[in-house]
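Structure, as structure tokens:
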């Protein structure tokens, strides 16, 4: 499955950077770095292997900030971004809702993410077998690897539905896996995260928050519980993060929200080198019109409430003659700077307020839900929400999430799916939209390599 045999092997070769790696195509157990215990003889090499997974997550797959990542492509897929240019623009199939099982981008989501999962499993097995790592080092590395495995499966399930949940590096077993029902996938994610929480500290290992801690695990767990409609648990996990007021707080100045030292950041990817900023800044920002590849969709621009500071601080207009286009301006650095100013943020505090608001509304705590909702509205320069009933508050939460999280890792797509609103919201603004577009196609190569992954998702 997932070309685990070849693609994972190459991923691990890069991961450990310790020499040549044999192919996993071999019938016998490959003589690769996966079986080389030297990687786990000390913390430095094991930690380097873990950091390499984070680099892969930053640069490839679903969370990357380049144009093939979810922040751009799911923005095109929904009503956040408009694609420009010719058919050679890789965003056109997403924008036109014309995705095919042969899409190289979709294959990249699948293969890159499972590659990262495989690397996390290799770490877990190596750490578990190590006789030299200290107990404290084992706890830290294991907790982070479990977080990675959970996060990767979470996004795969959101995109593809039922997917295999991989917990081993056994290439024979992995090459013939079957799909796991999404409810079981979610249970496995929850188990991995709860185990990670027991192993990790509340503290960060550095001030730049590039390594997930216990609270990053709880932030993802809050999101997971929300998606599973386990509202009491979602509210509790969000509260556990929000209560850490000595560590986190909303940046009242919106222009500081996405800076490297933002107090709102829960977890972010470190840039490749000092002076480099985010990939998102380089792909979303353009200086002159008309846009050559993408711009924000007028549907999004026109949806903002009057006086919303997110409209003025996080969006920038570019005009030529009588025409005006808009681009995302959350990350404000398009190029390198003397020192890095912005890292790509994966989890931030505002989401936890809106998770808790939604969860509280579903539980009937309308006062608490409005309090959380109003925290986000106040920061955006808006008055208190006029919503009063449960239904009105939930609608208000959905709209606030639209304005708060546009161009951030596909939140809009996942939110509309969770609310059962994909067809309602997108069929009128996306002429090619059909109800089966709620799932992406499983890559055709994977179905051909492992027939156990059949059937293909509906509509493809």
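For Cα pairs less than 8 Å apart in space and 6+ apart in sequence, what is the mean separation divided by the residue count of the range 254-405, i.e. the relative contact order in percent? Kindly include the intermediate steps, with their values, before the conclusion.
Values: 231 pairs, mean separation 43.4, N = 152.
The value is 29 percent.
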Starting from the alpha-carbon convex hull of the range 282-340, give the projected area averaged over all orientations, in nm². 4.9
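Give, in whole angstrom and from largest to smallest, the semi-axes √(5λ) of the equivalent ellipsoid of the range 125-165, with λ running over the eigenvalues of the Cα gyration tensor. Kindly include the intermediate steps, with their values, before the conclusion.
Numbers: eigenvalues 163, 19, 4 Å².
Sorted largest first and rounded, they come to 29, 10, 4 Å.
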Taking the 0 to 90 degree range and rounding to the nearest ten, how far is the long axis of helix 214-227 tilted relative to the main principal axis of the chain, both from C-alpha atoms? 70
Relative contact order [Cα under 8 Å, 6+ residues apart], the chain, whole percent: 19
Which whole-percent values make up P(r) of the range 55-97 when all C-alpha to C-alpha distances are grouped in 5 Å steps starting at zero? 6, 28, 28, 21, 12, 5, 1
Mind running the shape call on the range 192-253? Use the C-alpha gyration tensor, a ≥ b ≥ c as the square roots of the eigenvalues: rounded below 1.5 for a/c, prolate if a/b tops b/c, oblate otherwise. oblate
Scattering profile of the range 396-458 from the Debye formula, Cα beads only, expressed as log10 I(q)/I(0) at q = 0.19, 0.26 Å⁻¹, is -0.80, -1.07
Across the chain, what fraction of all alpha-carbon pairs, as a whole percent, falls in each successive 20 Å bin from zero upward? 24, 59, 16, 0
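So between residue 249 and residue 44, what do we pick up on full extension, going 0.36 nm a residue minus the alpha carbon distance? Present the calculation step by step, with values, prior to reporting the outcome.
Numbers: separation 205, 0.36 × 205 = 73.80 nm, distance 3.28 nm.
Value of the extension gain: 70.5 nm.
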Length-normalised contact order of the range 306-389, Cα under 8 Å, at least 6 apart, in percent, tallies to 23
Gyration tensor over alpha-carbon atoms, the range 326-405, equivalent ellipsoid semi-axes in Å: 31, 13, 10
Based on alpha-carbon centroids, what's the gap between the range 431-456 and the range 223-240 in Å, whole number please? 29
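Give me the number: length gained by fully extending residue 424 to residue 456, i.e. 0.36 nm times residue separation minus the C-alpha to C-alpha distance, one decimal in nm. Each step should come with its number before you reach the end.
Details: separation 32, 0.36 × 32 = 11.52 nm, distance 2.47 nm.
Additional length available on full extension: 9.1 nm.
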What does the extension gain come out to for residue 378 and residue 203, with contour length at 0.36 nm per residue minus their alpha carbon separation? 60.1 nm
From the C-alpha coordinates alone, can you work out the Kirkwood hydrodynamic radius of the range 356-399, in Å? 9.9
Pairwise Cα inverse-distance average, inverted: Kirkwood Rh of the range 60-203 (Å): 16.8
Cα centroid of the range 378-406 to Cα centroid of the range 250-272, whole Å: 22
Fewest-first sequence of 78, 292 by Cβ atoms within 10 Å of each Cβ: 292, 78
For the range 311-460, rounded, prolate or oblate, judged on the Cα gyration tensor with a ≥ b ≥ c (square roots of eigenvalues), a/c < 1.5 rounded, else prolate if a/b > b/c? oblate
Would you list 226, 215 from fewest to most Cβ contacts within 10 Å? 226, 215
Exposure proxy check on 388, 438: fewest-to-most Cβ neighbours within 10 Å is 388, 438
Can you bin the range 200-335 into rounded, prolate or oblate? Criterion: square roots of the alpha carbon gyration tensor eigenvalues sorted a ≥ b ≥ c, rounded for a/c under 1.5, prolate for a/b above b/c, oblate for the rest. prolate
Does anyone have the angle between helix 182-199 and the longest principal axis of the chain? Alpha-carbon axes, 0 to 90°, nearest 10? 80
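A short reminder: the numbers here are calculations on the coordinates, not readings from a lab. The shown structure was predicted, so the numbers you read here are calculated from the model rather than taken from an experiment. With ideal geometry, Cβ positions are generated from the backbone for all residues, glycine too; neighbour counts draw on all protein chains shown.
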